[in-house]
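Here is the structure we will look at.
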Amino acid sequence: METDGGAGNVVRNKKLMLKDYIKGSPKESDLHLTTESIELKVPQGSNAVLVKVLYLSIDPYQYIRSTKIEKPGYFSSYSPGSVMASYGVGRVLESGHSDFQKGDLVWGTTGWEEYSLITEPETLFKIQHSDVPLSYYLGVLGMPGLTAYVGFYEFCAAKKGETVFISSAFGAVGQLVGQLAKLTGCYVVGSAGSQEKVFHFS
């Protein structure tokens, strides 16, 4: 019997999987939506965390990982037939890890599925402040925001009046760096991959 209840119940889990390595421009047929029955339970003795996925981020690097990477470096390829993955926001349903409890809101790497068993909980971050839209943890309060903040304030350390050049200024990180630079009082110049992506910071 399938239910829609909490941990320990059997539910239907929709997941998006990569059919085969993408060649050229991605097509809908490159992905496969499937539904499986799963038990909402963390394996006994495991430190995994089971989450109900609430939001997912779709990023350019997922196209790269969907192609066959001959020499894996920073990125490695998804395996054909595997569930796509990205940064996501979710609610903990059950946990075998002492840092996470049932009901906690978290962000980190999850599968493109309704329910995701996180076997590497060190990739998860507990959300301490839920008085903002949770989707912000996939942007300004998540990886793009942290990358922009550290890159600009810790590494660039630009001062008021200086000129800051941003490559990929249209990207998730670049557009945030531009705003941080403007708030600091810098003159900002950015580049983008096409004229359609060009805009002016105000």
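Bear in mind that the values in this text are calculations on the coordinates, not laboratory data. Remember, predicted model here, so these are calculated numbers, not experimental data. With ideal geometry, Cβ positions are generated from the backbone for all residues, glycine too; neighbour counts draw on all protein chains shown.
Computed extension gain for SER86 through GLN195, at 0.36 nm per residue and net of the alpha carbon distance, reaches 36.4 nm.
When the chain is treated as a Gaussian network with alpha carbon springs shorter than 10 Å, the biggest mean-square fluctuation among GLY142, GLY90, GLY81 belongs to GLY81. Between ASP20, ASP30, ASP131, the GNM of the chain built on Cα springs shorter than 10 angstrom shows ASP131 fluctuating the most. Projecting label points 7 angstrom from Cα along Cα→Cβ for SER46 and LYS71 puts them 3.6 nm apart.
Shape descriptor for the stretch 143-197: Rg over Rh equals 0.96 (Cα atoms; Rh from the Kirkwood inverse mean 1/r). Taking all Cα pairs closer than 8 Å and separated by 6 or more residues, the relative contact order of the stretch 143-197 comes to 40 percent. For the chain, averaging the sequence separation of C-alpha pairs within contact (under 8 Å, six or more residues apart) and dividing by the residue count gives a relative contact order of 16 percent. Listed from fewest to most Cβ neighbours within 10 Å, the set VAL53, VAL10 follows the order VAL10, VAL53.
Using R0 = 41 Å, the C-beta based FRET efficiency linking LYS159 and TYR61 works out to 0.80.
Please give the contour-minus-distance gain from LEU134 to LEU33: 0.36 nm per residue of separation, less the Cα-Cα distance, rounded to one decimal in nm.
Full extension from LEU134 to LEU33 adds 33.8 nm.
Exposure proxy shown here: for TRP112, TRP107, the number of other Cβ atoms within 10 Å sets the order, fewest to most, as TRP112, TRP107.
What is the order of TYR74, TYR63, TYR55, fewest Cβ neighbours within 10 Å to most?
Numbers: TYR74 7, TYR63 13, TYR55 17.
Fewest to most other Cβ atoms nearby, the residues stand as TYR74, TYR63, TYR55.
Max-minus-min Cα coordinates of the chain on each principal axis give 64, 41, 28 Å, with the largest extent listed first. Which lysines, on any chain, are close to LYS159 with Cα under 22 Å apart, when same-chain ones fewer than 8 places away are left out? Counting by Cα, and skipping residues close in sequence, LYS159 has these lysines nearby: LYS182. So what's the angle, to the nearest 10 degrees on a 0 to 90 scale, between helix 174-184 and the longest Cα principal axis of the chain? Approximately 50 degrees, to the nearest 10.
For the stretch 44-156, divide the Cα radius of gyration by the Kirkwood radius and give the resulting Rg/Rh value with two decimals. Can you show the working numbers first?
On the way: Rg = 15.1 Å, Rh = 15.2 Å.
Rg divided by Rh gives 0.99.
Among DSSP beta bridges whose residues both lie in the chain, state the antiparallel percentage, nearest 5.
On the way: 32 of 36 bridges.
Within the chain, antiparallel bridges account for around 90 percent of the total.
If you build a Gaussian network model of the chain, linking Cα atoms that sit under 10 Å apart, which residue out of LYS160, LYS15, LYS102 swings the most? Sorting by GNM fluctuation, first place goes to LYS160.
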